[in-house]
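**Q** One structure follows; several queries about it will come next.
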Ligand code: FUL
């Protein structure tokens, strides 16, 4: 009897335990992340700081001839930057130590073009050092941006500059403690000061920097540093400066092709399913239109709606989010930016307040070797190192969470155990609503993290179906939430004649003010469009149709309407549709130039009346591929269309990567006529130029 008992207990207790131990974890599949990259993925959210001579010259790209004496912050406090970043849950700060104009925020031993020659702290300051100390104090990681392009350096384009660049790299990587990320921007615009040569220098970006050697130097000097951007990098640009990754986003890249110039940057949004290297995406974006601080953008901080979308379309789409907080002339992050960041963080915190899957009944239709080590419930245990895995040949599988009663859900978060590679190619989400299964989402990749925003459902069970995978399924984490309803802010528009219109989501009510005061349910209720052609600040909120919740405020600032504006002449282009450049709608654009013998094209606008202006703006083509961007311009004003005064000339820096409204200001002048000259960037004849809209700045 005793023997039979022992015999049975072997089969019932001991054998299952032993066989569980025998079930091996899945083999890694495809390119894998390094330890450095795994740590980097977990950082998720960190700050970018653009602060340099451009802050004081009001530019986005300096030409390289600006005097270092202009750098004179009145109250620089890197601890303030670090405090703001820490409060926002960010894990680090990447500082632009040298931008394209060559000015160094640290006292480099290899140049005089640095803080050494500025009045700030009598030339004894070091911004990199101050930030490194602040990061240490706030337990943040430090990253640095060193622009490969240097529009100041006399030897840029020659081998000597590469030595200089590498010397500076060594300085940055050895004197300031650990640097978690080294940021190499790809911009190489061509022209610059170059030690007084004032010329265009073109280099072959694939060869000139000899990145292989530079990377060797970095890895030797600072093995913990992850290198981003150009060269054989360990993380990639996401392909736009709007902070948005593709819905499908592989952490893999065909980097060999990229280094051979065979990959277009638009492919960066999604990576390559068949990429041979782990090169995950980092989505960079500024909290304002520009990367550097410009006071004119104080009321152009991105809306909360936009910021929330950015969060979900970067971190929620398997990318890290690098959010730029431009530091102003005081040397501080501006109050408006800080306030918006706080709003973003509290919205996201509220969205992820209560997790709903932990503690539910979890089951899967396949569990690797039936072993508890790979059980379905591992996805709800809060441990990223345990995972649900399927048998080797099983690339389609479902996991079900049973709530027992209807539960409201509108967010689903999923994570693969990327230590074993990125595998999932497609998945769907089903919800059991009133006893029936209904598909609520049909998706592609997951990666390190994927967050779905779905319409709120009341489900008694949730099912995730992996419908296609490169190898067996390995998922470490699945969560669900019921985020508060987010009411989108109204969109305000005003056309050429001053007709104001407002839009919100169907059924929501809009309340607005025209006197600059904050709108509330006691303000004007928007019923239909109205005419307002004087200068005005319109503020509006939307109130949700069922829940009494309100949106954030939309603020729209307008000058006198363009009712009396006319395009009087244009050097080319179809005059029938030329009004598109002054119709108040940036989405309608107009082209001119092309096929001619000219290096530049121009349009003349009559504003119908003389007003005081102190700037103009150019909005490039917004819909489409922005193929015909204007990057060099001249701008003139006149009172009579005969005698012209040049008010501004120069470049629309960075317009290629960031095709937003370009604002150029000048000393206030009376004007009735405007002449806008579009100039060919590289002295190419017959270039086509596009204009979405021309506006004036009146203050
Ligand atoms: C770009 C640069 O040209 C911008 O000035 C900015 O630094 C941005 C982050 O990268 O390509």
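Every read-out reported here was derived from the displayed coordinates using simple, explicitly stated rules and does not represent laboratory data. These numbers come from a predicted model, not from an experiment. Reconstructed Cβ throughout: ideal geometry from the backbone, glycine too, with neighbour counts over all protein chains shown.
**Q** For 61, 437, what ranking results if the residue with the fewest other Cβ atoms within 10 Å of its Cβ goes first?
**A** Ranking 61, 437 by Cβ neighbours within 10 Å, fewest first, gives 437, 61.
**Q** Rounded to the nearest 0.05, what FRET efficiency do residue 276 and residue 358 give with R0 = 41 Å and r taken as the Cβ-Cβ distance? Could you check?
**A** 0.65
**Q** Using R₀ = 25 Å, calculate the FRET efficiency as 1/(1 + (r/R₀)^6) where r is the Cβ-Cβ separation of residue 598 and residue 568; round to 0.05.
**A** 0.85
**Q** Tell me the Kirkwood hydrodynamic radius of segment 56-127 in angstroms, computed as one over the mean inverse distance between distinct C-alpha pairs.
**A** Result for segment 56-127 stands at 13.4 Å.
**Q** Distance from a point 7 Å along Cα→Cβ of residue 579 to each backbone N in segment 597-612: keep the residues under 20 Å and list them by number.
**A** 603-609
**Q** Then there is this: Would you mind pulling out the separation of the Cα centroids of segment 117-142 and segment 267-335, in Å?
**A** For segment 117-142 versus segment 267-335, the Cα centre distance is 23 Å.
**Q** What percentages, rounded to whole numbers, describe P(r) for segment 491-558 computed over all alpha carbon pairs with 5 Å bin width beginning at zero?
**A** Answer for segment 491-558: a P(r) of 4, 19, 30, 26, 13, 6, 2, 0 percent.
**Q** Now, a different point. Over the chain, what is the mean sequence separation of C-alpha contacts under 8 Å (at least six apart), divided by residue count, expressed as relative contact order in percent?
**A** 10
**Q** Which order do the peptides 443-449, 522-528 come out in when sorted by mean C-beta neighbours inside 10 angstrom, highest first?
**A** Top to bottom by mean Cβ count within 10 Å: 443-449, 522-528.
**Q** While we're looking at this one, here's another question. Given 25 °C and 0.890 mPa s, how large is the Stokes-Einstein diffusion coefficient of segment 107-177 in µm²/s, with Rh as the Kirkwood radius over Cα pairs?
**A** D = 181 µm²/s.
**Q** Here's a follow-up. If one takes the longest principal axis of the Cα atoms in the chain, at what angle in degrees, from 0 to 90 and to the nearest 10, does the Cα axis of helix 211-221 lie?
**A** 60
**Q** Tell me, rounded to the nearest percent, the portion of alpha carbon pairs in the chain spaced more than 33 Å apart.
**A** 56
**Q** Once you keep just the Cα pairs under 8 angstrom separated by 6 or more residues, what percentage relative contact order results for segment 566-696?
**A** Dividing the mean separation by the residue count of segment 566-696 yields 40 percent.
**Q** Additional query: Between residue 75 and residue 139, what's the calculated FRET efficiency when r is the beta-carbon distance and R0 is 35 Å? Round to 0.05.
**A** After rounding, the FRET efficiency stands at 0.90.
**Q** Between segment 505-525 and segment 527-559, what is the separation of their alpha carbon centroids in Å?
**A** Computed from Cα coordinates, the inter-centre distance equals 5 Å.
**Q** By how many degrees, between 0 and 90 and to the nearest 10, does the Cα long axis of helix 335-351 differ from the longest principal axis of the chain?
**A** 20
**Q** Next question. How fast does segment 323-401 diffuse by Stokes-Einstein, in µm²/s, taking the Kirkwood radius from C-alpha pairs at 20 °C and 1.002 mPa s?
**A** 132
**Q** For residue 699 and residue 212 in the same chain, what is the full-extension length gain: residue separation times 0.36 nm, less their Cα-Cα distance, in nm?
**A** Here the answer is 170.2 nm.
**Q** What order do you get for 233, 398 when you list them from fewest to most C-beta neighbours inside 10 Å?
**A** 398, 233
**Q** For the residue pair residue 438 and residue 669, what label-to-label distance in nm results when each label sits 7 Å from Cα along the Cα-to-beta-carbon direction?
**A** My value for the distance between the label points is 6.3 nm.
**Q** Helix 304-314 versus the longest principal axis of the chain: what angle, 0 to 90°, nearest 10, using Cα atoms?
**A** On a 0 to 90 degree scale, this one is about 50.
**Q** Here is a follow-up. How big is the equivalent ellipsoid of segment 566-696 along its three axes, where each semi-axis is √(5λ) from the Cα gyration tensor, reported in whole Å from largest to smallest?
**A** 21, 16, 15
**Q** Rounded, prolate or oblate, given the Cα gyration tensor of segment 158-250, with a/c below 1.5 counting as rounded?
**A** Oblate, since a/c reaches 1.5 and b/c is not below a/b.
**Q** Sticking with this structure for a sec: So for segment 361-481, Kirkwood radius off the Cα pairs, Stokes-Einstein at 25 °C and 0.890 mPa s: how many µm² s⁻¹?
**A** Answer from the Stokes-Einstein relation: 174 µm²/s.
**Q** Give me the one-decimal nm value for the distance between modelled label points at residue 499 and residue 298, 7 Å along each residue's Cα-to-Cβ direction.
**A** About 3.5 nm, to one decimal.
**Q** Considering every pair of different Cα atoms, what Kirkwood radius, in Å, is found for segment 398-557?
**A** 18.8
**Q** Okay, moving on. Based on the mean of other Cβ atoms within 10 Å per residue, sort peptides 408-416, 287-295, 669-677, 563-571 so the most packed one is first.
**A** So the peptides 408-416, 287-295, 669-677, 563-571, ranked by packing, come out 287-295, 408-416, 669-677, 563-571.
**Q** Please list the equivalent ellipsoid semi-axes of segment 497-631, computed as the square roots of five times the alpha-carbon gyration tensor eigenvalues, in descending order and whole angstrom.
**A** One finds semi-axes of 36, 18, 12 Å for segment 497-631.
**Q** In whole Å, how far is the Cα centre of segment 31-84 from that of segment 600-672?
**A** 29
**Q** What is the order of 269, 182, fewest Cβ neighbours within 10 Å to most?
**A** 269, 182
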